[in-house]
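Every number in this text was worked out from the coordinates using simple rules, so none of it is lab data. On a predicted model such as this, the values are computed, not experimentally measured, just so you know. Ideal geometry is used to build each Cβ from the backbone, glycine not excepted, and the neighbour counts take in all protein chains shown.
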Amino acid sequence: ARADLVQAERLTTIGKMAAHITHEIRNPLSSIGLNLELLEEEIARMQEGRESSQLLSAIRAEVDRLSRIAEQYLSVARRPRPQLEPERLQDLVEEFTAFVLPELQRSQITLRVEADASAPEVRVDEAQLRQALLNLVRNAREAMSNGGTIVIAIHQRDDSAEITIDDTGPGIPEELRASVFDPFFTTKQRGTGLGLAVTRDIIASHGGTITCEARETGGTRFRITLPLNGQALSA
Ligand code: ADP
Ligand code: MG
């Protein structure tokens, strides 16, 4: 929990810096975008603008990418304190899965939810927990480019609720496993490396923990624990 706290503080500092830089970048970026749009229109009207319009759409793609990254950084830096409400974990997870199912189906991925009868109640900020789960499920999807299976399991432990998210992807090499939660750590060409850092930050601000493990059958398991409803926050 101590390490999570340090991580959360670090993310806050980085988040503040990122927010500042991002803020400075956003305005020129949107002005570039607007001028680009005017150019696109003008070139579309010209006869021999074919090569130029290819160049323009390459620029357009990069401008859009930068804007997306900027928005992501800002949403990290501006994440509000979680508003905790009692929720039945299973209901929350099932609503979430209904929401991600279409994008998983397009990637040939099957998603299953397993829950034991105890149905733990937790105190969570629903939107933020959804975001945390979404980051994990998106990573699993991105790791399984040829399809596969995700299993989200919910269990009640002695003093916590536990959620595991398993995938049948290639797994995370042992030497990288300690780094995946670091802000900006990514092995993807177009990754931001913010997904797991944000996820850990969200879980820590709920008084919980998150770890990742290698599955015996291959693939990756993320394990989240959250305090049960009625339990004092230990963070
Ligand atoms: P990003 O997705 O932008 O790379 P994340 O913080 O979400 O950033 O993930 C960091 C890195 O952790 C990924 O680049 C990938 O190497 C690794 N990773 C995360 N989840 C998985 C997974 N389910 N299977 C394999 N590797 C993963
Ligand atoms: Mg990610």
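Summed over segment 97-116, residues that are in contact with a strand residue (DSSP E or B) (Cβ under 9 Å, 6 or more places away or on another chain) and over 20 Å from A143 (Cα atoms) total 3. Restricting R68, R60 to those that are within 16 Å of ligand 2 (Cβ to nearest atom), free of Cβ contacts under 8 Å to residues at least 40 places away in the same chain and part of a helix (DSSP H, G or I) reduces the list to R68. Looking only at residues of segment 190-206 that are hydroxyl-bearing (S, T, Y) and assigned to a helix (DSSP H, G or I), we find that the one that is farthest from R223 (Cα to Cα) is S205. Provide a single number: the residues in segment 60-84 that are aromatic (F, W, Y) and within 22 Å of E40 (Cβ to Cβ). Residues in segment 60-84 being aromatic (F, W, Y) and within 22 Å of E40 (Cβ to Cβ): 0 in total.
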